[in-house]
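Remarks on the structure that follows.
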Amino acid sequence: MRIVLVGPPGAGKGTQAKIIAGRLAIPAISTGDIFRANVGAGTPLGLEAKGYMDRGALVPDSITISMVRNRLAEPDVTGGFLLDGFPRNVAQAEELEAILIALGAKLDVVLELVVDNDEVVKRIAGRRLCRNDSTHIFHTDFNPPSVPGVCDVCGGELYQRDDDKEETVRERLDVYVRETAPIVGFYAERGLLASIDAMGALDQITERALAVLSDR
């Protein structure tokens, strides 16, 4: 299957992408992974993108699209893929359509994870990271440390990233509504959209997604 995963920040796209792709035996492809691979390998596109990122500027769509085009032409995606983080706007969605046509392929489904804004804020704003090791992650509600503000693993100080603060999360949600949400309508018009409730336990959300995908 060829799947695009969409949803607001905090909807659990990264987690579900890995689980669903694993169950379907297809590669999970995120734009973050593509960027890191290109920058790490020092490809011409990676070097060009790094120049923008080092200046704190947004990487132009043209570079992102070229990286995605190259990735989707690799042998491991001939049997399908799950794409997370692309497209982010209608222009990118149109480009993805053109890329797949050129490859003699097409999307099977666009899976939308639907989650309430207040739940998104709760999920993200409650996250706390350890200053000693950022892989030690806690949550004030879902996975609180034994001692408030102290990492259970190493005793380091827990802190909240600026990007995780409530006002920043709500700004990110506003950006999503303006720029990314319109692709939901784009794919709905093409009969490709399947929306699922992304509230609740992780395994329940996964099963909802797989049930929808099995009907495609």
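Couple of notes before you dig in:
- In the stretch 18-47, residue most open to solvent (accessible area, probe 1.4 Å) [restricted to those that are part of a strand (DSSP E or B) and either of a type in the set (Asp, Glu) or in contact with a Leu (Cβ under 6 Å, 6 or more places away or on another chain) (or both)]: Ala28
- Against the numbered list (1) β-branched (Val, Ile, Thr); (2) more than 13 Å from the chain's Cα centre (by Cα); (3) assigned to a helix (DSSP H, G or I), Thr15 comes up short only at (2).
- Check on Leu111, in contact (Cβ under 8 Å) with a residue 60 or more places away in the chain and either out of contact with any Gly (no Cβ under 6 Å at 6 or more places or on another chain) or at positive phi (or both): yes
- Filtered by the rule that a residue be closer than 14 Å to Gly149 by Cα and among the charged types (D, E, K, R), the stretch 109-132 gives Arg127, Arg128, Arg131.
- Single condition Arg69 does not satisfy, out of (1) under 20 Å from Ala181 (Cβ atoms); (2) surrounded by fewer than 21 Cβ atoms within 10 Å (Cβ to Cβ); (3) not acidic (Asp, Glu): (1)
- For the stretch 171-182, the condition holds for no residue, the condition being that it is of a type outside the set (Asp, Glu), touching a helix residue (DSSP H, G or I) at 6+ places or on another chain (Cβ under 9 Å) and either at pLDDT 95 or above or over 22 Å from Gly32 (Cα atoms) (or both).
- Pick from the stretch 143-178, criterion aliphatic (A, V, I, L, M) and touching a Cys at 6+ places or on another chain (Cβ under 8 Å), ranking: surrounded by the fewest Cβ atoms within 10 Å (Cβ to Cβ): Val153
- Reported count of residues in the stretch 98-142, each being farther than 30 Å from Arg216 by Cα, over 22 Å from the mean Cα position of the chain (by Cα) and surrounded by fewer than 16 Cβ atoms within 10 Å (Cβ to Cβ), is 5.
- Picking from residues in the stretch 72-93 that are of a type in the set (D, E, K, R) and crowded, with 17+ Cβ neighbours inside 10 Å, the one that is modelled with the lowest pLDDT is Arg88.
The values are calculated or read from the model by the stated rules, or taken from the named source; none is laboratory data. Remember, it's a predicted structure, so these values are computed and weren't measured experimentally. Here the Cβ is made from the backbone with ideal geometry for all residues, glycine too, and neighbour counts use every protein chain on show. Ligands, DNA and RNA are excluded from the accessible area calculation, which covers all protein heavy atoms including side chains. Shrake-Rupley method; radii C 1.70, N 1.55, O 1.52, S 1.80 Å.
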